[in-house]
Amino acid sequence: MQQHRHRWIAASLFALAACSRGGDPGPASTPSAASGAPSSPAAAQIDEWILPAPAGAAQPDLAVAPDGRLLLSWIEALADGGHRLRLASTVPGGAAQAWGEPQTVAAGSDWFVNWADTPHVYALPDGSLWAHWLRSTGPSRMDYGIALVRSGDGGDTWSAPQPVHPGTRGDHGFVTFWAQADDRLGIAWLDSRQKAAATPGAAAHDGHHADGGPAMMLRAAVHGPQGAQEAEWPLDASTCDCCTTASASTDRGVVVVYRGRDAHEIRDTRLVRFDGAAWTAPRDVHADGWRFPGCPVNGPVVVADGSRVWVAWYTEADGVPELRAARSDDAGDRFGAPVTLAKGPQVLGRVALARGGEQLLAAWLEEAPPASQRLVLGRYDTDWAHGERIEVAGVSARGRASGLPRLQGSGDAAWLVWTDVHDGAPVLRGATVR
């Protein structure tokens, strides 16, 4: 599909101001990394990225295949009340704006569709494609599970869906994928089986649990070349209920980041690492000390290169919405002091993170008074310093309707996809920033 090149005019472009822990900056005064004066960037080039998704598409995912192709997936509502998961990829060896014909991964009438707990797609080095969606399992409305499929022919055909957690009640979702080997998929997810077992017949996913009962947990598994599960582990027995998870591969194994939850309702970002044989105990990326008796639906994100790991997350530990970020040089064993990427009542979070060459790319949503949102991209060096803020686009959607923005770095560009609303219906938008 040929891209129609159209230069967008960014709402504003400016360097980030110096970080001030005690400040409460407005939309035009976002704190930067506390490592020194910000850079003075040249004007960014923002272009519309025409996507192959039709009107009504929502819940996007964006991944990079080992061969450099960009993989875009989305959910479409069907006329009969069901849903289908569609996948399109950029043409191998072609320009990143040229799309192949969209393919249907799966369709059904028993799906659990949620604005934040969305399907993912992933490509392994052996050429296989993997995808998941959520399927209602009953009897409670909040009983649903993860359906996992694999394609060995580029998405033309897919395996029969299999549950990642056979026979367990409760809600299972907020998935992250990684390559455990060239032909083996790693997967981690949030799992409420211990809550469901303790409260038979109850809707187990309510975002907070004042009764002191069992909490949501983090689990992981590895699936082999034919899709069968080869191993499964419990990783953390108490996590936040509905915050997204994320993963990245280091030279010491994969790291998974997520929002924890302790007995005092402290919900800070945690990390575990798998060396191929055993998982580390959970550890805090930083002890923010954010006490919140509910789920903010605002999970952390992570990227890695060798032993370097970068994490970004949302918090209100100081009483004000804030995006923080930190770096580890030892595969997640220890992190430096966090820096502030954005802070103020306008910050919604829902952060995405990617590498672009030797740059770090972070995207997030903010409120844009009087009645809209904006998508912001931050570009930083690998120390989270010299920040550059780019307002990519205005978003007409309000509240949860804007979903979670997706971000990848490829070549010298940041590739962004997000959900907007037009004439009362969702629509996917895309942009490239250079």
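The values are calculated or read from the model by the stated rules, or taken from the named source; none is laboratory data. Everything numeric in this text was worked out from a predicted model, so none of it was measured. Note: ideal-geometry Cβ built from the backbone for every residue, glycine included; neighbour counts use all protein chains shown. SASA here: full protein model, heavy atoms, side chains in, ligands and nucleic acids out. Shrake-Rupley method; radii C 1.70, N 1.55, O 1.52, S 1.80 Å.
If you check Trp99, Trp111, Trp115, Trp74 for being in contact with a helix residue (DSSP H, G or I) (Cβ under 7 Å, 6 or more places away or on another chain) and surrounded by 13 or more Cβ atoms within 10 Å (Cβ to Cβ), only one passes: Trp115. Filtering the stretch 374-388 to residues that are of a type outside the set (A, V, I, L, M) and crowded, with 23+ Cβ neighbours inside 10 Å leaves Gly378, Tyr380, Trp384, Gly387. Sub-8 Å Cβ pairs linking a first residue in the stretch 70-82 that is under 10 Å from Ala57 (Cα atoms) and among the hydroxyl-bearing types (Ser, Thr, Tyr) to a second residue that is modelled with pLDDT of 95 or more and assigned to a loop (DSSP other than H, G, I, E, B), at least 6 apart or interchain, are Ser73/Pro119, ordered by first then second residue. Residues that are open to solvent by 10 Å² or more (accessible area, probe 1.4 Å) and either of a type outside the set (A, V, I, L, M) or part of a strand (DSSP E or B) (or both) within the stretch 389-406 comprise Glu391, Ala393, Gly394, Ser396, Arg398, Gly399, Arg400, Arg406, listed in sequence order.
Taking first residues from the stretch 356-382 that are small (Gly, Ala, Ser) and partners that are in a loop (DSSP other than H, G, I, E, B), the Cβ contacts under 7 Å between residues at least 6 apart in sequence or on separate chains come to Gly357/Asp412; Ala363/Pro405; Ala371/Arg398; Ser372/Ser396; Gly378/Gly387. Checked against the criterion of being farther than 30 Å from Arg169 by Cβ, at pLDDT 95 or above and in contact with a Leu (Cβ under 9 Å, 6 or more places away or on another chain), the candidates Trp133, Trp49 yield just one match: Trp49. Pick from the stretch 69-82 the residues that are outside any strand (DSSP E or B) and touching a strand residue (DSSP E or B) at 6+ places or on another chain (Cβ under 7 Å): which of them is farthest from Gly108 (Cα to Cα)? Once the filter is applied, the top-ranked residue is Arg69. The condition of being assigned to a loop (DSSP other than H, G, I, E, B), of a type outside the set (D, E, K, R) and without any contact (Cβ under 8 Å) to a residue 24 or more places away in the chain holds for Pro54.
Within the stretch 410-421, the residues that satisfy the criterion of being open to solvent by 10 Å² or more (accessible area, probe 1.4 Å), on the phi < 0 side of the Ramachandran plot and modelled with pLDDT under 95 are Ser410, Asp412. Against the conditions (1) part of a strand (DSSP E or B); (2) acidic (Asp, Glu); (3) modelled with pLDDT under 95, Asp211 satisfies every one except (1). Only one entry of Asp262, Asp284, Asp275, Asp251 meets the criterion of being open to solvent by 50 Å² or more (accessible area, probe 1.4 Å) and under 19 Å from Arg355 (Cβ atoms), and that entry is Asp251.
A count restricted to the stretch 327-359 and to residues that are open to solvent by 40 Å² or more (accessible area, probe 1.4 Å) and within 26 Å of Asp412 (Cα to Cα) stands at 6. Taken over the stretch 265-303, the criterion of being modelled with pLDDT under 95 and more than 22 Å from the chain's Cα centre (by Cα) is satisfied by Asp275, Gly276, Ala277, Pro293. Restricting Ala354, Ala317, Ala326 to those that are in a strand (DSSP E or B), of a type in the set (Gly, Ala, Ser) and farther than 20 Å from Arg406 by Cα reduces the list to Ala326. Summed over the stretch 176-190, residues that are part of a strand (DSSP E or B) and touching an Asp or Glu at 6+ places or on another chain (Cβ under 8 Å) total 2.
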